[in-house]
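Before any comments, here is the structure.
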Amino acid sequence: MIKKFDKKDEESGSGSNPFQHLEKSAVLQEARIFNETPINPRRCLHILTKIIYLLNQGEHFGTTEATEAFFAMTRLFQSNDQTLRRMCYLTIKEMANISEDVIIVTSSLTKDMTGKEDVYRGPAIRALCRITDTTMLQAIERYMKQAIVDKVPSVSSSALVSSLHMVKMSFDVVKRWVNEAQEAASSDNIMVQYHALGLLYHLRKNDRLAVTKMLNKFTKSGLKSPFAYCMMIRIASKLLEETEGGHDSPLFDFIESCLRNKHEMVVYEAASAIVHMPNCTARELAPAVSVLQLFCSSPKAALRYAAVRTLNKVAMKHPSAVTACNLDLENLITDSNRSIATLAITTLLKTGSESSVDRLMKQISSFVSEISDEFKVVVVQAISALCQKYPRKHSVMMNFLSNMLRDDGGFEYKRAIVDCIISIIEENPESKETGLAHLCEFIEDCEHTVLATKILHLLGKEGPRTPTPSKYIRFIFNRVVLESEAVRAAAVSALAKFGAQNDDLLPSVLVLMKRCMMDSDDEVRDRATFYMNVLQQKQKALNAAYIFNGLSVSVPGLEKSLHQYTLEPSEKPFDMKTVPLATAPITEQKTEIAPVATSKLPEKLAPSRQDIYQEQLAAIPEFKGLGPLFKSSEPVQLTEAETEYVVRCIKHTFANHMIFQFDCTNTLNDQLLQRVLVQMEPSEAYEVLNYVPAPSLPYSQPSSCYSLVRLPEDDPTAVSCTFSCTMKYLVRDCDPNTGEPDDDGYDDEYVLEDLEVTVADHIQKVLKPNFGAAWDEIGDDNEKEETFALATVRTLDEAVNNIISFLGMQPCERSDKVPENKNSHVLFLAGVFRGGHDVLVRARLALADGVTMQVTVRSTDENVVDVILASVG
Amino acid sequence: LCLEPSLYTVKAVFILDNDGNRLLSKYYDPELYPSMKEQKNFELNVFNKTHKADNEIAFLEGMTIVYKSSIDLFFYVVGSAQENELMLMAVLNCLFESVSQMLRKNVEKRTLLDNMDGVFLVVDEIIDGGVILESDPQQVIEKVNYRVRDCVEEQISLCNELTVQLSDVTKVLQVSSF
């Protein structure tokens, strides 16, 4: 009867949702009937449902009221109504974090968990583990172990999953249950097996050997659960990646065999794992691609989506592997699910021929407004890749992009378009003017400061070199009038570049600068005043140093040096040369854009790799007083990949010294190495000053030892040297299982490969955005020129790449890209030599029978010029 | 980009009505939309992008979302961008089938709300803290062992009760008349 009245109340309250106008206080009031005897299960159930519903809607419960309701709820354990009891478990889980003293239900839950009613046992375990902390876990450990191997699947599963949740909290306790989990893994129930495997992996994932054993066991015996197969495929592919195992490994065979599994889920997981493997050959990809091709015509949308999304990824790296699926992809263009259609089109754009581009672009523009921002970014990335492939299509693309730029869209989307336009401009000189015009139009109405400043910077760089630079001035100056401080400051900098490069514009730029000096913002005024004064000097060298090519030092490094200078004030002015240089930005990242990954993390200025090394080396007392770190090389492997000890070396160059950092890894689990150092025998007048050994090198824990070497002072041209290296250490045998070493040890040594120091180790890359200006700035005081014949080189591309990697300098003005079908090319390289001397190299290349190269070197130091020419020859 | 092998497959699951209001929702990854406001924004965004066309799968805010609708209800399962879409589908199908069996195929808002406790229990049996606990609807139904309430049945039982009481009364009257 009571229930009936309830219903009436609700119905009069709202038409369709009985919970719509719930009042928290009223519900808590009602909860008092929990204390009535006898318990009315139906009413209590209804009230518990209301409480959980309120919690689910995000209603806030104060600690006191929650605790009160929770305590009242505990009385309901007296009732034997099944659903009511289950709802009590749910309430416990929901309230575990808001109510106090939830542990009072421990004994009731333990009773249910070990009781006769199987329906209660699983849920009771899960509720109990939710409220248990590390200290109490010991008390229920015995029950948990029993529950894991219980013959009732729901009990076993619940115990395994709860254990997994508790691994984060108390790894050491849960680790003791590994035998029980092992037993559960051979269960006949598919879910139990899956959960047991998951738990086993989490407990053992740091022990590669154990994981390998586990994989071997289950791949041989076969699994029942498709979920477990997916899990095993992921473990196998992670292991392959870590061990850099070849594709002839049994792990790869296992993944490939899963392509023939009867569950689509497993087949897809295997295909996707193969596709994501680094350096997969086309032949290894083929079976994976062909199952994905089958999925493309599945009636299930999710399967089609999964297939086309994965094919899209394959197309990024191996477009030719996907061409076989072109027909199936064509059918998906009209798919009613727009996500599938977009992915299909962008994949086709990557694999299709040049002739199909126009048609596909037309198709996609018909529904681009209907798709979500994430997919619009995918489209833009596909266009960007296409422009690199078919440069002649740039006008179609540019048109399309400018239309997209006008549409609504979020920041990520707009940024992708702007990046794409910028890359087209850089690749195609013919598209420069139209591209700049589109961007100018865009910043007229752009709400994203970052994009506006980026475009202004680009205008400053490219605008002055176009046939009619004057037309950009208006767009830039409009920003000074209308925008926020950051954009105004960027606009002022852009204006200065026009003034510095175009003499006929200089008077008007100076007038505009004068206006900017009245700006309300400090930064804008400062910039304007600074540029005004530099421009008025009308000196090319000043313009080059202060307007075109800004600072090339690392910003965190500069901050640290300045801080140091203020701590130890001295009479000497601060010397910019003591600041470590910024490592040249990597410009080649376009091809590696993650497909649809939207990064949510704010980008912060991470300290560069070199700044980290600087910090690490400064912490070693032996290396005090060497000055700032000048350059750190890429790691060089001194051993084969599959040897007992793996050693790689990083060369750190300082003004007059070098430090060799040897990263050693011991791959023998029955040995502990101590006092590890690498002895070096130089071939030239290099002097080894000091060794810093690694005190101890246990199994699979990398550690570093160092050698300090003084560079020859009397002969500045001796830049290259070969060192023969031997690793010396004390071996102590140890028990592979416990890692306990023997008391005695013996000395041993291990011969490593020779280590080369080349001219590239003495030069740091520096990007000069305006090479011509920098060339004039240095002047021809120390200029030398020589001609070489490179007989073994067959193409200009090869020659350019060889020179760049040999000298280790930064190519400027995109001169590292050799245009097609040309037989001459000019390469511009910039760098700083150890000791802070600027070096610029201009190499004119001509292709005839072999490549002829005329090298011109300019530097602020005469010796440096000789060094470079000597090393080239 | 590679997936860390883990049992934590499901990031969130929610059931919305045909106005996009939340009826039930669970978030299993504490880093994903920690506040209620973010959660409801996400749900609304998902609803707006999905309620017009029954497309089964969508990709929003860096998440893969599979969904299914029935009359005035929308069921969603959310996973990470790299997650196996078919695993998410298995969860969604299990959720939908279990609810449908429990409600005797009346998968619509009113019946669902009348049996909200059962729905809470079904979700609890399918996913535990983001781990797929069970994927077979038959098993879920057995474990939950829930007796559906619907209005008609209730009225019948009420009528029966009344008849019994009436007959008692008539008996008493008959007895007393003698």
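The values are calculated or read from the model by the stated rules, or taken from the named source; none is laboratory data. Every value quoted in this text rests on a predicted model; they were computed, and no experiment measured them. We place every Cβ from the backbone using ideal geometry, glycine too, and count neighbours over all the protein chains shown.
What are the residues in the range A:124-153 that are within 11 Å of chain B (Cβ to nearest Cβ) and either free of Cβ contacts under 8 Å to residues at least 24 places away in the same chain or among the hydrophobic types (A, V, I, L, M, F, W, C) (or both), if any?
The answer is A:Ile125, A:Ala127, A:Cys129, A:Val152.
From the list A:Leu617, A:Leu605, which residue is under 25 Å from A:Gly831 (Cα atoms), away from chain B (no Cβ under 14 Å) and at pLDDT below 80?
Exactly one of A:Leu617, A:Leu605 is under 25 Å from A:Gly831 (Cα atoms), away from chain B (no Cβ under 14 Å) and at pLDDT below 80, namely A:Leu605.
Considering every residue within the range A:375-389, establish whether at least one is of a type outside the set (A, V, I, L, M, F, W, C), at pLDDT below 80, in a helix (DSSP H, G or I) and touching a Gly at 6+ places or on another chain (Cβ under 7 Å).
Checked against the condition, which is being of a type outside the set (A, V, I, L, M, F, W, C), at pLDDT below 80, in a helix (DSSP H, G or I) and touching a Gly at 6+ places or on another chain (Cβ under 7 Å), the range A:375-389 yields no hits at all.
Any idea how many residues of the range A:364-382 are more than 14 Å from every other protein chain (Cβ to nearest Cβ) and either under 30 Å from the mean Cα position of the chain (by Cα) or more than 25 Å from B:Asn48 (Cβ to Cβ) (or both)?
Result for the range A:364-382: 5.
Quick test of your reading of the structure: A:Ala306 fulfils all but one of (1) within 11 Å of chain B (Cβ to nearest Cβ); (2) at positive phi; (3) of a type outside the set (Val, Ile, Thr). Name the failing condition by number.
Failing condition for A:Ala306: (2).
Of the residues A:Glu284, A:Glu269, which single one is surrounded by fewer than 20 Cβ atoms within 10 Å (Cβ to Cβ) and either within 27 Å of the chain's Cα centre (by Cα) or free of Cβ contacts under 8 Å to residues at least 12 places away in the same chain (or both)?
Among A:Glu284, A:Glu269, only A:Glu284 is surrounded by fewer than 20 Cβ atoms within 10 Å (Cβ to Cβ) and either within 27 Å of the chain's Cα centre (by Cα) or free of Cβ contacts under 8 Å to residues at least 12 places away in the same chain (or both).
So for the range A:713-725 (the condition being charged (D, E, K, R) and surrounded by 13 or more Cβ atoms within 10 Å (Cβ to Cβ)), does at least one residue qualify?
No, every residue in the range A:713-725 fails to be charged (D, E, K, R) and surrounded by 13 or more Cβ atoms within 10 Å (Cβ to Cβ).
From (1) within 14 Å of another protein chain (Cβ to nearest Cβ); (2) part of a helix (DSSP H, G or I); (3) surrounded by 19 or more Cβ atoms within 10 Å (Cβ to Cβ); (4) not acidic (Asp, Glu), pick out the condition that doesn't hold for A:Leu55.
If we test A:Leu55 against (1) within 14 Å of another protein chain (Cβ to nearest Cβ); (2) part of a helix (DSSP H, G or I); (3) surrounded by 19 or more Cβ atoms within 10 Å (Cβ to Cβ); (4) not acidic (Asp, Glu), just (3) comes out false.
Could you name every one of the strands (runs of 3 or more DSSP E) located completely within the range B:32-137 that has at least 2 residues being at the interface with another protein chain (Cβ under 10 Å from one of its Cβ atoms), at pLDDT 90 or above and surrounded by 22 or more Cβ atoms within 10 Å (Cβ to Cβ)?
B:63-70
Counting only residues that are buried (at least 16 other Cβ atoms within 10 Å of the Cβ), of a type outside the set (Asp, Glu) and part of a helix (DSSP H, G or I), how many does the range A:327-352 have?
So the count comes out to 16.
Which count do you get for residues in the range A:395-449 that are over 26 Å from the mean Cα position of the chain (by Cα) and outside any helix (DSSP H, G or I)?
The number of residues fulfilling the criteria is 6.
Looking at the range B:1-17, which of the residues that are modelled with pLDDT of 90 or more and within 11 Å of chain A (Cβ to nearest Cβ) is farthest from B:Met89 (Cα to Cα)?
B:Asp17
Which condition number does A:His263 fail, the rest of (1) crowded, with 18+ Cβ neighbours inside 10 Å; (2) in contact with a Phe, Trp or Tyr (Cβ under 9 Å, 6 or more places away or on another chain) being met?
Among (1) crowded, with 18+ Cβ neighbours inside 10 Å; (2) in contact with a Phe, Trp or Tyr (Cβ under 9 Å, 6 or more places away or on another chain), A:His263 violates only (1).
Of all residues in the range A:114-153, count the ones that are among the small types (Gly, Ala, Ser), in contact with a Lys or Arg (Cβ under 8 Å, 6 or more places away or on another chain) and surrounded by fewer than 24 Cβ atoms within 10 Å (Cβ to Cβ).
Going through the range A:114-153 one residue at a time, the tally reaches 1.
Would you pick out the residues in the range A:42-101 that are over 22 Å from A:Ile125 (Cα atoms), among the charged types (D, E, K, R) and over 41 Å from the mean Cα position of the chain (by Cα)?
Result: A:Arg42, A:Arg43, A:Lys50, A:Glu65, A:Glu68.
Can you tell me which residue among A:Ala500, A:Ala496 is more than 38 Å from the chain's Cα centre (by Cα), surrounded by 19 or more Cβ atoms within 10 Å (Cβ to Cβ), closer than 17 Å to A:Gln537 by Cα and in contact (Cβ under 8 Å) with a residue 12 or more places away in the chain?
A:Ala500
A:Ser355 - would you say it is away from chain B (no Cβ under 14 Å), in a helix (DSSP H, G or I), polar (S, T, N, Q) and surrounded by fewer than 24 Cβ atoms within 10 Å (Cβ to Cβ)?
yes
Name the helices (runs of 4 or more DSSP H) wholly within the range A:154-204 that hold at least 1 residues that are aliphatic (A, V, I, L, M) and at the interface with another protein chain (Cβ under 9 Å from one of its Cβ atoms)?
Hits in the range A:154-204: A:190-204.
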